[in-house]
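These notes concern the structure reproduced below.
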Amino acid sequence: MSNGLRARRVVETLKEYHPPLGGRDGLRLDFNENVDGCSPRVLQILHSISAETLNKYPEREPGERAVASSLGVSSAQVVLTNGVDEAIHLLAETYLEPGDETLIAVPTFSMYEIYALATGSVVRTVQSNEALEFPFAELLRAITPKTRLICVASPNNPTGAIATREQLLALVQAAPQAAVLIDEAYIHFGGESLLDQIGVIDNLFICRTFSKAFGLAGFRLGALLGSVGQLTMLRRVASPYNVNGLALTCLQAALDDREYIAGYVAQVLEGRSRLEEFYHERNIPFWPSQANFVLAYFGSYRQALVAEMRQRGILVRDRNSDPGCAGCVRITLGNRVQTERLLRQLPEALASIGFTPQPRPTLAAKEAL
Ligand SMILES: Cc1ncc(COP(=O)(O)O)c(C=O)c1O
């Protein structure tokens with residue numbers, strides 16, 4: 001055997017998560033980004049950035065104070081991160097020993113599993129039912145004394161399903177030995193926040209992102225909220241300069257422009273109802289969503305649909321390989337004009353691929369395929 005450099009054994013077993021980012025020209029309804037843009041106030045600040053913003057190391061604390069004040073918590077209860085991705089990474093690094101269990105309900109956001117596995121944790125997944133609802137009872141039953149991290153996105157990606165506040169609280173309380181992350185990346189579009197429980201329940205963490213409603217995915221800016229004592233531990237593994245100076249300089253303006261967020265969210269919600277109505281009228285199985293996207297079932301037509309929509313300048317996301325999502329496509333909602341364009345192109349695309357709605361096979365039948 002070669003005695004050259006090798007990655008850790010667990011890393012050798014990981015697969016790179018490589019989202020299909022290449023060639024994303026057109027209307028990007030594939031990544032749940034805010035495709036309307038961001039607050040014009042943020043752009044204005046960016047246009048007048050000084051050299052000093054770029055040549056000095058960025059200071060995170062003022063940004064943490066700004067986020068804390070906007071969310072009504074103390075700044076010691078906030079850590080700003082390089083997107084929610086880094087918040088998840090930091091939680092895994094802070095709490096997981098090799099062999100500890102991480103619990104997630106699937107389908108869900110991929111990065112929980114990746115960061116947990118990278119620490120040597122054992123990831124236990126609980127499959128959602130046919131309706132892709134939050135599998136509360138099954139998740140509760142799967143908690144063991146070795147469970148040290150539980151991640152729940154509510155609203156969830158790619159299903160748009162939510163967990164109720166009571167369910168989330170019960171989960172956090174059932175596993176006091178575990179860090180429980182409630183990922184509120186899509187909270188502007190639906191669901192019930194647990195923000196008021198920060199500082200009340202010691203093992204509760206909540207993350208928020210600027211990538212979705214705020215339209216700032218390129219900034220890579222997220223916030224992790226938790227109790228002061230737990231975040232003191234987590235800060236020990238965080239890089240002091242994890243959030244870049246441009247994002248920090250624009251943060252207050254982004255938070256202040258509530259009107260922009262409200263206007264954009266209203267357009268998304270209207271678009272979501274229209275898209276769900278379209279699916280309903282056409283008998284296309286879909287999952288009612290509380291987020292800025294809707295997952296629907298196109299069965300054997302899904303690849304042709306994604307390709308046809310791309311031809312028409314609209315990118316939508318094939319979720320076929322997510323557990324329980326065979327044949328599914330997820331479409332993000334944008335502003336009113338973008339929804340008009342989507343609802344013009346989608347029926348035409350379906351007609352041109354000769355689509356006829358298909359009943360969705362049951363999970364058990366699919367497993368037997
Ligand atoms: C549930 C969920 N959490 C987090 C993220 C990533 O957030 P960020 O861009 O802040 O890393 C996504 C992105 O799709 C997501 O769906």
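The values are calculated or read from the model by the stated rules, or taken from the named source; none is laboratory data. Note that this is a predicted model, so its numbers are computed, not measured. All Cβ positions, even for glycine, are placed from backbone atoms using ideal geometry, and neighbour counts span all protein chains on display. Each accessible area value is taken on the protein alone, full model and side chains, heavy atoms only, with ligands, DNA and RNA left out. Shrake-Rupley method; radii C 1.70, N 1.55, O 1.52, S 1.80 Å.
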Using the Karplus curve 6.51 cos²θ - 1.76 cosθ + 1.60 with θ = phi - 60°, what ³J(HN,Hα) values do you get for each residue of the range 160-171, in whole Hz, with x for Gly and Pro? x, 7, 10, 9, 6, 4, 5, 4, 5, 5, 4, 5
Counting just the Cα atoms, what span does the range 31-128 cover along each of its three principal axes? Round to the nearest Å and put the largest first. 49, 31, 30
Express the relative contact order of the range 147-213 as a whole percentage, based on alpha carbon pairs under 8 Å and six or more residues apart in sequence. 36 percent
Using a 1.4 Å probe on the protein heavy atoms only, what accessible surface does S69 show? Give it in Å² to the nearest 10. 90 Å²
Here the range 267-358 gives, from Cα atoms, an Rg and Dmax in Å of 11.9, 33
Cysteines (scope the chain) whose Cβ has no counterpart Cys Cβ under 4.7 Å: C38, C151, C207, C250
In nanometres, what is the gap between the two model label sites at V11 and K56, each 7 Å from Cα along Cα-to-Cβ? 3.5 nm
For the range 99-138, take the convex hull of the Cα atoms, compute a quarter of its surface area, and give me that in nm², please. 2.8 nm²
Using θ = phi - 60° and the Karplus relation 6.51 cos²θ - 1.76 cosθ + 1.60, list the HN-Hα couplings for the range 336-343 in order, rounded to whole Hz, with x at every Gly or Pro. 4, 5, 5, 5, 4, 5, 4, 6
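For the chain, what number of Lys pairs, 8 or more residues apart or on separate chains, have alpha-carbon atoms under 30 Å from each other?
4
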Added length on full extension, which subtracts the Cα-Cα distance from 0.36 nm per residue, Q177 to E93: 28.7 nm
Running a GNM on the chain with Cα contacts under 10 Å, which residue among Y279, Y264, Y57 ends up with the highest mean-square fluctuation? Y57
Relative contact order %, the chain, counting alpha carbon pairs below 8 Å whose residues are six or more apart: 22 percent
Taking every other residue with Cβ under 15 Å from the Cβ of I182 and scoring Lys and Arg +1, Asp and Glu -1, one gets -4
If I model a spin label as a point 7 Å beyond the Cα along the Cα-Cβ vector, how far apart are those points for E340 and N3 in nm? 7.1 nm
Interchain or sequence-distant (5+) residues whose placed amide H lies within less than 5 Å of the amide H of A185 are S154
Surrounding net charge for V126, when Lys and Arg each add one and Asp and Glu each subtract one, Cβ distance under 10 Å: +1
Expressed in nm², what is the orientationally averaged projection area of the convex hull enclosing the Cα positions of the range 242-309? 7.3 nm²
To the nearest 20 debye, what charge dipole does the chain have about its Cα centre, counting +1 at the Cβ of each Lys and Arg and -1 at the Cβ of each Asp and Glu? 600 debye
Quick check on the chain: take the gyration tensor over C-alpha atoms, sort the square-rooted eigenvalues as a ≥ b ≥ c, and tell me if it's rounded (a/c under 1.5), prolate or oblate. oblate
Do me a favour and compute the ellipsoid semi-axes for the range 179-269 from its Cα gyration tensor, root of five times each eigenvalue, largest one first, whole Å. 24, 19, 10
Going by a ≥ b ≥ c, the root eigenvalues of the Cα gyration tensor, does the range 104-259 fall in the rounded group (a/c under 1.5), the prolate group (a/b larger than b/c) or the oblate group? prolate
Where labels lie 7 Å past Cα in the beta-carbon direction, separation of A307 and Q127 in nm: 2.9 nm
Taking the Cβ of A351 as the centre, find all other residues whose Cβ is under 13 Å away and add up their charges (Lys, Arg: +1; Asp, Glu: -1). +1
Under the rule of at least 5 residues apart or a separate chain, name every residue whose amide H is placed under 5 Å from the amide H of N32. T332
If each residue of separation counts as 0.36 nm, what is the full-extension length gain between M233 and H280 once their alpha-carbon separation is subtracted? 12.1 nm
accessible surface per residue for the chain, probe 1.4 Å, DNA/RNA/ligands not counted, whole Å² -> 45 Å²
Segment K146-D256, extension gain: residue separation times 0.36 nm, minus the distance between their alpha carbons: 35.4 nm
